[in-house]
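Shown next, in structure tokens, is the structure this report addresses.
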Amino acid sequence: MKKRKQKQSPQDQPDAKAQTPVIRLDGFPDLPRLLPPGWLRSLGVYGYDEVEDLILTALVTGDPLLLVGKAGTGKTFLLNSLSEALGLEHRHYNASLIAFDDLVGFPYPEEGGASIRYIQTPATVWQAESVLIDELSRCKPEHQNRLFSLVHERRIQGLDLPNLRYRWAAMNPCEAEDGDEFYDGSVALDQALADRFALLIEVPDWDAMTEDDRSLVADARGIGAISVDGIGLVRAVEEGRRRFENAPDRLHEAALTYASAVATQLLKPSVRLSPRRVRLLSRNLVASTLVSGGVPGRDGFYNTLARSLPQPGWGVRVEDSVLRGAHATAWDLLTRGQESRWLSAVLSESRLAKRCTELLANAPSPDVAAMAIRQSLVQLPKPEAAILALALLPVIKQRPDDFGQESLAAVVETAAPVLEVQSEAKWRLRDGLEPQANPHPTLTACAAVLEGLPPRRRTRATQLFYHCIAHELPIDHPEALERTLDETIRAAKPFTSRTNKP
Amino acid sequence: MTPLLAHIRRLVSSWLPVPAGACCTAGIRAPREELHWANSGGPRSRIVTTPLVSRLLSGGSASLGLNPGKAYGIDPAPSDGDWRSLVRTLLAKAGFNTAEQAWHAWRDELPEDTAMVIDCDDPKSREDNGSPRANLIAALVLGRCCGALFSPERPIIWSDRRLSRHVRLVNCDAESFTQDDHE
């Protein structure tokens, strides 16, 4: 977590996240990541790969960020480097030493004595764009209260700080008072203050770093170098803000559903999340999703949840098993809702080719795909059900594991009678009229459509027409029915290759 | 109309019942000649039929990649109608305890892929010789046939209904089936 002269490009780093299978919700727009994995390395910060998306999230939302970690883990270095790279007017205060006058300047009465003004110095907060309050847990209680409005409202002494974009803080852990990790003077934050930080990120220590990262951190060369924005951090933050301001409603709804469910689940093991915390969690989920690609992911949501809890601020550790349990329930709720929405959308899709593509490409799971296929075959008018079965047959037969044996059986049961017609066409003739001169009217109309078709298309259409006529299914517009058949078969065709799995 | 015919017609008309008023409107029975058949009970139309046959499964279709495979059936039928006992006897004589065991041992002779199933009632369509081994193989395949689907992933279930079928498996080549005419 030291700075080196020779910084590594993020692209040079192994992309561990890209190799991990990611379970994500479907139906969201895929956006490029704001910055490539390992982007913090370009600032000379190593070992933070796991939390770098959340640090970028805090830059996008502008919400207060608190880093919690042992001494010498690079918290201060990281935050100061970020302000340098972003070109911000930065203030770095040590909360254990701070006097309030350092923040606001020396007060003096205005002419006439109607109000007070402050003599500004390079250290006063009035012009700051970013503020780092270091050693927050060593702050005197009365100063904590004064910092409260700075963190929460971007105000001090009741006055707005219009330039202030980022409010950051760092502190040592304050939980273990009976072991080596005890930090004398590091006291638990007031819960109300801790709850104002949107993200509370526990930073990694030496034991959590890879060998390579340890070497990079231990290398003393490059200490003191200025951090520059070599990877487009400013542009990425602006793009992130734009995405955040225009975040789709569906993403907000997913985040809200998840955050509410987590808060409810955590009540049982007595882990309270305030209503404000639920809202902050929801914001964090939306922003972190947009930072990392736009599609909610199970692992991404968990990481955001784990770093959105205020409890580390007052020295309480939420058991990982408790958090994972709440996460699993909330994610299940979210995906169940998604499955239900998908099923409903598919079953209300009137364009058969579109429905076919949706069934083959976007089913959330084999079980739901099977349900949608079976319901479609029952729900659709019989000629259309026959078309859908013919289109699905080759794909599902090729990949029964993806759609289930039951949907294969349902498709085959519907398609087989279409492909094997041995019946007769019946029609009513007035006495005295000859069948040869007065043939089956629908058969005649269908024959006219078939006449102009190329061979394969004609073969498929013939089977469909014969099947419908044999079973006395109405064919009001043979030409339109044939066109639907052709479009639906074409929709299924790309999925017949084994490389195209849903 | 000749005078003789006109005379006969007048004679016959007097014997026919008078048409009901509702049926005598010009719109329904416009030609005057037809009035004489109204309400007489005779049919005015008939159902005609024409064969409608296109069997791509049993006949195959090279262009759509539908390839009929082997036929399977147990022959002759048991005299007492107890197909399951017949098959269990065949299984025991072949030295197997379970159907799955037999499937595993003879898997080289059994179909590997999912296929469509059509009933073929004509015993002559079967290629096997009706030997005990052929009948047991047929029983194994029929046990995995459910309706129009044969799937090696399904369990072997022996019911009298399944075992009494004569079926042909039809393979479907996915890419041919959806192939465009211009490809």
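The values are calculated or read from the model by the stated rules, or taken from the named source; none is laboratory data. Since we're looking at a predicted model, the values are computed, not measured. Ideal geometry is used to build each Cβ from the backbone, glycine not excepted, and the neighbour counts take in all protein chains shown.
Descriptive notes on the structure:
- Hey, A:GLY87 out of contact with any Pro (no Cβ under 7 Å at 6 or more places or on another chain), over 26 Å from A:ASP195 (Cα atoms), surrounded by fewer than 18 Cβ atoms within 10 Å (Cβ to Cβ) and not hydrophobic (A, V, I, L, M, F, W, C) or not: yes
- A:THR124 falls short of the stated requirement of being closer than 23 Å to A:THR304 by Cβ, of a type in the set (S, T, N, Q) and in contact with a helix residue (DSSP H, G or I) (Cβ under 8 Å, 6 or more places away or on another chain).
- Being touching a residue at least 24 places away in the same chain (Cβ under 8 Å), surrounded by fewer than 23 Cβ atoms within 10 Å (Cβ to Cβ), in the same structural domain as A:GLU211 (by TED's automatic domain parsing) and closer than 23 Å to A:TRP126 by Cα is a property that does not hold for A:GLU50.
- Failed condition for B:PRO78, given (1) surrounded by 15 or more Cβ atoms within 10 Å (Cβ to Cβ); (2) outside any helix (DSSP H, G or I); (3) touching a residue at least 12 places away in the same chain (Cβ under 8 Å): (3)
- Residue in region B:117-136 that is more than 18 Å from the chain's Cα centre (by Cα) and of a type in the set (Val, Ile, Thr) present: no
- Total residues in region A:410-462 satisfying the condition of being more than 16 Å from A:ILE387 (Cα to Cα) and small (Gly, Ala, Ser): the figure is 8.
- Any chance A:SER186 is in contact with a Ser or Thr (Cβ under 6 Å, 6 or more places away or on another chain) and at pLDDT below 80: yes
- Taking residues in region B:158-176 that are farther than 13 Å from B:ASP119 by Cβ and away from every other protein chain (no Cβ under 12 Å), and partners anywhere that are of a type in the set (A, V, I, L, M) and in a loop (DSSP other than H, G, I, E, B), the pairs with Cβ atoms closer than 9 Å and at least 6 places apart or on different chains are B:LEU163/B:ILE74.
- Condition met for A:VAL395 (surrounded by fewer than 24 Cβ atoms within 10 Å (Cβ to Cβ) and not basic (Lys, Arg)): no
- The set of residues from region B:30-43 being surrounded by fewer than 12 Cβ atoms within 10 Å (Cβ to Cβ) and either within 12 Å of another protein chain (Cβ to nearest Cβ) or at pLDDT below 55 (or both) comprises B:ALA30, B:PRO31, B:ARG32, B:GLU33, B:GLY42, B:PRO43.
- For region A:237-251, the criterion of being within 22 Å of the chain's Cα centre (by Cα) and either of a type in the set (Ser, Thr, Tyr) or assigned to a strand (DSSP E or B) (or both) is met by no residue.
- Candidates A:PRO173, A:PRO204, A:PRO248, filtered to the one that is at pLDDT below 90 and more than 30 Å from A:ARG272 (Cβ to Cβ): A:PRO248
- Of everything in region A:354-391 that is not polar (S, T, N, Q) and not in a helix (DSSP H, G or I), the residue that is surrounded by the fewest Cβ atoms within 10 Å (Cβ to Cβ) is A:PRO381.
- Qualifying residue in region A:320-338 (condition: touching a Pro at 6+ places or on another chain (Cβ under 8 Å), free of Cβ contacts under 8 Å to residues at least 60 places away in the same chain and not hydrophobic (A, V, I, L, M, F, W, C)): no
- Residue within region A:349-356 that is of a type in the set (Ser, Thr, Tyr) and free of Cβ contacts under 8 Å to residues at least 12 places away in the same chain present: yes
- Only a single criterion out of (1) surrounded by fewer than 19 Cβ atoms within 10 Å (Cβ to Cβ); (2) assigned to a helix (DSSP H, G or I) is not satisfied by A:VAL318, namely (2).
- Complete set of residues in region A:73-114 that are among the hydroxyl-bearing types (Ser, Thr, Tyr) and more than 20 Å from A:VAL45 (Cα to Cα): A:TYR93, A:SER96, A:TYR108
Every residue, every condition in (1) closer than 24 Å to B:ARG46 by Cα; (2) within 47 Å of the chain's Cα centre (by Cα); (3) not acidic (Asp, Glu), yes or no:
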site: A:SER423; (1), (2), (3): yes, no, yes
site: A:PRO439; (1), (2), (3): yes, no, yes
site: A:LEU443; (1), (2), (3): yes, no, yes
site: A:ALA447; (1), (2), (3): yes, no, yes
site: A:GLU482; (1), (2), (3): no, yes, no
site: A:PHE495; (1), (2), (3): no, yes, yes
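- Residue match in region A:280-297 (condition: surrounded by fewer than 17 Cβ atoms within 10 Å (Cβ to Cβ), of a type in the set (D, E, K, R) and assigned by TED's automatic domain parsing to the domain that holds A:ALA330): no
- Counting only helices (runs of 4 or more DSSP H) that sit wholly inside region A:407-496, not one has at least 3 residues that are facing chain B (nearest Cβ under 10 Å), of a type in the set (Lys, Arg) and touching a Ser or Thr at 6+ places or on another chain (Cβ under 7 Å).
- Positions within region A:454-473 being of a type outside the set (Val, Ile, Thr) and touching a residue at least 24 places away in the same chain (Cβ under 8 Å), in sequence order: A:ARG457, A:ARG460, A:ALA461, A:GLN463, A:LEU464, A:TYR466, A:HIS467, A:CYS468, A:ALA470, A:HIS471, A:GLU472, A:LEU473
- If the condition is being exposed (fewer than 14 other Cβ atoms within 10 Å of the Cβ) and at pLDDT below 90, then region B:112-124 contributes B:ASP121, B:ASP122, B:PRO123, B:LYS124.
- Condition met for B:GLN101 (more than 10 Å from every other protein chain (Cβ to nearest Cβ) and surrounded by 13 or more Cβ atoms within 10 Å (Cβ to Cβ)): yes
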